[in-house]
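One structure below.
Any read-out appearing in this document is the output of simple, stated calculations on the displayed coordinates, not a laboratory observation. Keep in mind it's a predicted model, so treat the numbers as computed, not measured. As a convention, Cβ positions derive from the backbone with ideal geometry for all residues, glycine included, and neighbour counts pool all protein chains shown.
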There are 2 protein chains.
Amino acid sequence: MDVTSAGGGGQIGRVVDAIRQRIAARALPADAKLPSIRAFARTLDVSTSTVAEAYERLVAEGVIRSRPGSGFYVTRAPQPLSLAAVGPRLERAVDPLWVSRQSLEGGTEVLKPGCGWLPADWMPAEEMRRALRQLSRTEAAVLTDYGTPLGHLPLRQLLSARLVEEGVMALPEQVLLTESGTQAIDMLCRLLLEPGDTVLVDDPCYFNFLALLRAHRVKVIGIPRMPTGPDLAAFSAALTEHAPRLYITNCGLHNPTGATLSLATAHRVLALSEEARLTIVEDDIFCDFCPEPSTRLAALDGLDRVIQIGSFSKTLTAAARCGYIAARSDWIERLTDLKIASSFGGNPISAALIYALLRDGSYRRHLNGLRERLSRARGEVGAKLKALGIRPWIEPGGGIFLWCALPEGLDAAEVARLALEQDVVLAPGNVFSASQSARSFMRFNVAQCREPKVFGVLRGAMAQARRSGTPRHGEAGVSA
Amino acid sequence: MDVTSAGGGGQIGRVVDAIRQRIAARALPADAKLPSIRAFARTLDVSTSTVAEAYERLVAEGVIRSRPGSGFYVTRAPQPLSLAAVGPRLERAVDPLWVSRQSLEGGTEVLKPGCGWLPADWMPAEEMRRALRQLSRTEAAVLTDYGTPLGHLPLRQLLSARLVEEGVMALPEQVLLTESGTQAIDMLCRLLLEPGDTVLVDDPCYFNFLALLRAHRVKVIGIPRMPTGPDLAAFSAALTEHAPRLYITNCGLHNPTGATLSLATAHRVLALSEEARLTIVEDDIFCDFCPEPSTRLAALDGLDRVIQIGSFSKTLTAAARCGYIAARSDWIERLTDLKIASSFGGNPISAALIYALLRDGSYRRHLNGLRERLSRARGEVGAKLKALGIRPWIEPGGGIFLWCALPEGLDAAEVARLALEQDVVLAPGNVFSASQSARSFMRFNVAQCREPKVFGVLRGAMAQARRSGTPRHGEAGVSA
């Protein structure tokens, strides 16, 4: 526990805050015994009277209680879980939850080259309007009744056909609709994980994986992401060292790098996972941005130890959300119970809208246009970034992201902080990095870089960060 | 562990199944040590060779492994959580998940007097059509962008105004939109509970509370529900004996009984909860069925230790779902992080549809019509049930349910099982009862009883159950 980084005023206040944080992160659950005053004072390198006063204050607040002759214990007062307190304490600028909130909360005056979705005018709004009008003419039961446990059958049939076309042999009964891709991963974590388990992710990875895994209070190990897939030596070593239960990854197009998976790496990942009895969740939400079919673990594995999830929030609409899980039948059965218990009937209107959008040829046409437009944008934005000394890590074959290295010596978090003061939300590398090793990287969403202001603010923030020298708060990761 | 109730063929098969069930319920987590062969054989009253063979079989399957000289341990092979295996093992007819699936999966040929929602033709389908058409004309960003973390502001403002009118002083910033009422409760359980905690519910209570609490692997204690609220002596005793962390209840109209809460009982519940530092979740989804304002814990308490949740799945549409949580600001803050981590952007289309339906006077008119129609239906269905010897426990002042006692000696689960063979889904009392003490009760949804077939099948099933004498499988609860 690091008492120097917690706020609260004075040494006693800092000890109080440090204990409160550990309670909010459930590291000290109800009825847990606190360290003795003497031992804790030694650990924190403060005086015993400081710890004694901190404990007194927490007793007065009802957070802990004293049992004479036995010590101090956490009370059973309500101690709501705080995700912000779980895991290592990070600077705000590289905290996944804080970055998500900036992106989701920012109004229209805010530019968001750091966000993970397309601007509204790149999305098929006219098709949405048509789907809404169509739906307004459908039978009453569809508009007002609960959905079936697995979800809208026509959509599941369509998804099954899509999956089979991609080589993933999933019957409609093996496809469970969820309220979003995020909720699909969350449900799988509930199905497969216990607090304290270890989970592998790519390093870097989609930052909300890191936030979601905090909610499950598991240990997260980042495996360095190479242009062809995870670093196999690190992957193999992590299997031996950490006995992880799950590996969560994107393959179709990797977020944030835009890389794909080579067939050789995919084979090796599956062979190693087989040996270690590791389950894999393959998040395929960016696959439709791929100009040509890329390697999928689920296709190679035949949905044995790989579970595929997807959604259309990136390509169709993020306003009527609908995700899916394709998995082994026995797991779908258990997931269905979990879905009923935690959300009862799903959201049939969203499923019907997505179905209407997917079933005719307009989705294919929309995607073709989108891929072309994105290809141009990747070229243009890449050139503008290079002119600022910002170098793409690879030239992705598809997708909306460029994962870039900033010029030598610049701290991406500092640049992001300065840009935010001018209403530009950037995505600094360490927000994607479980190991906090991507300090000089930044993810750019090429579709959100059309305003010249983006590059002006970026240039200014970089210059200012360079002038202010080394980052203000030292290394980004501050262990808690 | 009860090996007699598990299937699987032969004594060895039963031991194997019993262990598998405990692993699926996470009662035996990864790396847990199994009892010694000798001790387990004694516990199960089987021979040591039976246990030894069962262990061998599980080793061969990779479910457990042997460490020479140390014993048998659960492996780290994927062991997905099975809600069906959590908690006491119940007959299918009184298992909350099974009853939910019957209700949600049954096609139009199935009659559902046991379900918890109105028939499609009682719901405002024309208003939904209008709202969909309106939405098809709105700006593109609303149709395709992610929602803000708290959710659609106009809807939160409207909900805040409604709450304030009911005496619950919740600002719009204290209202968080969720994907459904069920998801709202699930999020609160994630915020407030740890596996092993104790939760109080009413006995009887809404059966999906029991399913949901299995997913959180907590201990559930049922407090007998009286016509004026929970039995105060039992409530008080449970606080002392079990130190529960949460009480989940409906007040506006209680499901399944249709009872309301008296002011005196509400005061006492709050005073006792204050003393015991108990947090209360008040699920208010049936409140709009109430002809006049009824007592709400959240109004008395001022959202200090009470959290209110609600949704419009019962009164407007269950197809475009949207729930809400009204709570203290500091809890809303933590819930918002949890929402981002587990579902990212919510479902803005659903929120916009619900807002469109609520904002003009048509919702009020729809409710007025609904309440009258329900009042007539309660009278008519009550009379038909009494003619069969089925007696309502109280005459509710509002709502869709009649909670009824069957004639002496009849087992509601048996009657439900027989009725299901004729495509009529009933809701036997024990599906609502944590203590399995409502064997002779049944919940009727008066709006789903219009088909004369319901009463014909009910009469026939009761006659058949009476002929077959005592229930086939003894008491419903079979401890696992």
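Close amide H pairs (under 5 Å, H built 1.01 Å from N) link residue A:178 with A:323, A:324, A:325, residues at least 5 positions away or on another chain. Using a cutoff of 8 angstrom between alpha carbon atoms and counting only pairs six or more residues apart, the relative contact order for chain B works out to 19 percent.
With 25 Å as the limit, the listed pairs A:219/B:339; A:314/B:314; A:33/B:339; B:112/B:339; A:384/B:339 have A:314/B:314; A:33/B:339; B:112/B:339; A:384/B:339 beyond it between alpha carbons.
In segment A:1-133, inverting the average of 1/r over every pair of distinct C-alpha atoms gives 18.0 Å as the Kirkwood radius. Report note on the peptides A:179-189, A:369-379, B:243-253: ranked by the mean count of other C-beta atoms within 10 Å, highest first, their order is A:179-189, B:243-253, A:369-379.
Among the GluC sites (Glu not before Pro) found in segment A:1-93, those both in a DSSP coil and sparsely packed, with 13 or fewer other Cβ atoms within 10 Å of their Cβ, are A:61. Partner shielding of A:125-132 amounts to 5, given as the average count of beta-carbon atoms from other chains within 10 Å of each residue beta-carbon. The GluC sites (Glu not before Pro) of segment B:385-434 that DSSP puts in a loop, and whose beta carbon has at most 12 other beta carbons within 10 Å, are B:408, B:421. Label-point distances for residue B:232 to the equivalent site in the other copies, using a point 7 angstrom along Cα→C-beta, read 7.2 nm when ranked shortest first. When all alpha carbon pairs of segment B:10-81 are counted in 5 Å bins from zero, the resulting P(r) reads 3, 18, 30, 28, 16, 4 %. Here the 3J(HN,Hα) profile of segment A:244-251, calculated from phi with Karplus coefficients 6.51, -1.76 and 1.60 at θ = phi - 60°, is x, 9, 8, 10, 10, 8, 10, 10 Hz, Gly and Pro shown as x. Charging the Cβ of each Asp and Glu at -1 and of each Lys and Arg at +1, and nothing else, the dipole of chain A about its Cα centre rounds to 860 debye.
Inter-copy label distances at residue B:161, using a point 7 Å along Cα-to-Cβ, come to 4.6 nm with the shortest given first.
When only alpha carbons of segment B:51-94 are considered, Rg and Dmax amount to 14.1, 45 Å. Report summary: the helix-based calculation at 222 nm, which adds -39500 (n - 2.57) for every DSSP H run with n ≥ 4 and divides by the residues of chain A, gives -13500 deg cm²/dmol. What do you get for trypsin sites (Lys or Arg not before Pro) in segment B:56-162 restricted to DSSP loop and a cutoff of at most 15 other Cβ within 10 Å of the site's Cβ? Here the trypsin sites (Lys or Arg not before Pro) that fit, given the DSSP loop and packing criteria, are B:137.
Start at zero, step by 10 Å, and the Cα-Cα distances of segment A:125-361 spread as 8, 33, 36, 18, 5, 1 percent across the bins. Normalised by residue number, the volume inside the convex hull of the Cα atoms of chain B is 166 Å³ per residue. Extending 7 Å from Cα along the Cβ direction at residue A:376 and again at residue A:161 yields two label points whose distance is 3.2 nm. Taking amide H as placed 1.01 Å from N in the peptide plane, residue B:394 has its amide H under 5 Å from the amide H of B:403, each at least 5 places away in sequence or on another chain. Per-residue shielding of A:191-198, expressed as the average number of other chain Cβ atoms within 10 Å of the residue Cβ, stands at 3. What the Cβ-Cβ distance of residue A:52 and residue B:435 gives, at R0 = 45 Å and to the nearest 0.05, is a FRET efficiency of 0.45.
Extension gain, residue B:240 to residue B:395: 0.36 nm times the residue separation minus the Cα-Cα distance gives 52.5 nm. Along its first, second and third principal axes, ordered by size, segment B:145-241 spans 46, 30, 22 Å in Cα coordinates. Close amide H partners of residue B:203, meaning residues 5 or more places away or on another chain with modelled amide H under 5 Å apart, are B:223, B:225. Using each residue's phi in segment B:143-160, evaluate 6.51 cos²θ - 1.76 cosθ + 1.60 at θ = phi - 60° and report the 3J(HN,Hα) Karplus result to the nearest Hz, with x for Gly and Pro. After applying 6.51 cos²θ - 1.76 cosθ + 1.60, I find 7, 10, 7, 4, x, 6, x, 6, x, 2, 4, x, 5, 5, 5, 5, 5, 4 Hz.
In order along segment B:361-376, the Karplus-derived 3J(HN,Hα) couplings, from 6.51 cos²θ - 1.76 cosθ + 1.60 at θ = phi - 60°, round to x, 5, 5, 4, 5, 4, 5, 4, x, 4, 4, 5, 4, 5, 4, 4 Hz, and Gly and Pro are given as x.
Each Cα pair under 8 Å and six or more residues apart adds its sequence gap; the mean of these over the residue count of segment B:358-419 is a relative contact order of 24 percent.
Subtracting the Cα-Cα distance of residue B:109 and residue B:138 from their residue separation scaled by 0.36 nm leaves 6.6 nm. Only Cα pairs under 8 Å and 6+ residues apart enter the sum, and on that basis the relative contact order of segment B:10-81 stands at 39 percent. Distances, shortest first, from the label point of residue A:466 to those at the same position in the other copies read 9.3 nm; the point lies 7 Å along Cα to C-beta. For the segment B:103-113, counting C-beta atoms of other chains within 10 Å of every residue's C-beta and taking the mean gives 2. Cα-based values for segment A:322-445, radius of gyration first and Dmax second, are 20.3, 54 Å. Would you be so kind as to identify which of A:463, A:75, A:259 lies farthest towards the positive end of the dipole of chain A, taking Lys and Arg as +1 and Asp and Glu as -1 on Cβ and the Cα centre as origin? So the residue furthest toward the plus end is A:463. Once the Cα-Cα distance is subtracted from the 0.36 nm per residue extended length, the residue A:467 to residue A:386 segment shows a gain of 27.1 nm. Expressed as a whole percent, the proportion of Cα-Cα pairs in the protein assembly as shown lying more than 40 Å apart is 42%.
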